[in-house]
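The block underneath contains the structure these notes are about, expressed in structure tokens.
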Amino acid sequence: MFSASLPAKSSHPGIRERYFFALFRCLEAALLALWVFSPFAPYFKTLNTLLPLKLLSIAYLLFACTVFLLEKRGSSQYRVLLGLCVDVLAFACLAWLLPIGFFSVALVVLANMSAGGLLLSSRQSTLITLAAVVILLGHYLFNTLAGTGQANIAQSLMFAASY
């Protein structure tokens with residue numbers, strides 16, 4: 001029953017991998033929405049950014065589900081590129097909205113960067129990676145200059161090197 005919903009084997013490499021990457025993005029988006037809408041997140045009650053976080057999580061979940069449904073109909077490398085661009089954009093928004101917990105999000109994006117490195121060309125992968133590294137270092141610089149949130153150069157550099 002489950003194998004009937006999987007994409008058929010094809011001579012084109014990466015079709016199943018792109019399908020499962022889109023499925024993984026749905027899982028990430030669902031976990032983000034669950035985290036934001038959870039009553040068990042005590043520090044959200046003090047944030048004045050709760051509404052933008054909710055809107056971001058809903059938009060990201062809708063995007064992830066749309067990409068997944070399109071991926072079931074037919075695979076495209078451009079959808080992977082678009083998906084990673086939106087992943088990095090959501091990552092940038094979370095960096096701006098979350099004063100704490102940012103490095104947990106950076107760890108999740110590491111899986112997306114790894115999959116993107118395997119599924120995209122080296123030029124596309126390098127550009128996406130550079131964007132994520134700029135966000136990491138920008139987050140560090142902003143928090144260092146403002147004196148708020150997490151400002152840890154070791155973690156920022158470790159994630160930048162991992163990307």
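The values are calculated or read from the model by the stated rules, or taken from the named source; none is laboratory data. Note that this is a predicted model, so its numbers are computed, not measured. All Cβ positions, even for glycine, are placed from backbone atoms using ideal geometry, and neighbour counts span all protein chains on display. Heavy atoms of the whole protein, side chains included, go into the accessibility calculation; ligands, DNA and RNA do not. Shrake-Rupley method; radii C 1.70, N 1.55, O 1.52, S 1.80 Å.
Could you check Phe37 against (1) open to solvent by less than 30 Å² (accessible area, probe 1.4 Å); (2) modelled with pLDDT of 80 or more; (3) of a type in the set (Phe, Trp, Tyr) and say which number it fails?
(1)
Suppose the filter is among the polar types (S, T, N, Q) and within 18 Å of Phe20 (Cβ to Cβ); does Ser76 pass it?
Here the answer is yes, as Ser76 does meet what is asked.
What number of residues within region 106-124 are over 21 Å from Asn152 (Cβ atoms), surrounded by 18 or more Cβ atoms within 10 Å (Cβ to Cβ) and within 14 Å of the chain's Cα centre (by Cα)?
3
Could you list, in sequence order, the residues of region 119-141 that are in a helix (DSSP H, G or I) and out of contact with any helix residue (DSSP H, G or I) (no Cβ under 7 Å at 6 or more places or on another chain)? Outline the logic, then answer.
Step one: of region 119-141, the residues in a helix (DSSP H, G or I) are 119, 122-141.
Listed by number, the residues that qualify are Ser122, Arg123, Thr126, Leu127, Leu130, Val134, Gly138, Leu141.
Could we say that Arg16 is open to solvent by 60 Å² or more (accessible area, probe 1.4 Å), at pLDDT below 90 and either of a type in the set (Lys, Arg) or outside any loop (DSSP other than H, G, I, E, B) (or both) here? Let's see the steps before the verdict.
Numbers: open to solvent by 60 Å² or more (accessible area, probe 1.4 Å): yes; at pLDDT below 90: yes; either of a type in the set (Lys, Arg) or outside any loop (DSSP other than H, G, I, E, B) (or both): yes.
For Arg16, the condition - open to solvent by 60 Å² or more (accessible area, probe 1.4 Å), at pLDDT below 90 and either of a type in the set (Lys, Arg) or outside any loop (DSSP other than H, G, I, E, B) (or both) - is met.
Sort out which residues of region 126-135 are without any contact (Cβ under 8 Å) to a residue 40 or more places away in the chain and not β-branched (Val, Ile, Thr), and write them in order of number. Reasoning before the result, please.
Within region 126-135, the first condition is being without any contact (Cβ under 8 Å) to a residue 40 or more places away in the chain, and the residues that meet it are 126-127, 129-130, 133-134.
Leu127, Leu130 - these are the residues of region 126-135 that are without any contact (Cβ under 8 Å) to a residue 40 or more places away in the chain and not β-branched (Val, Ile, Thr).
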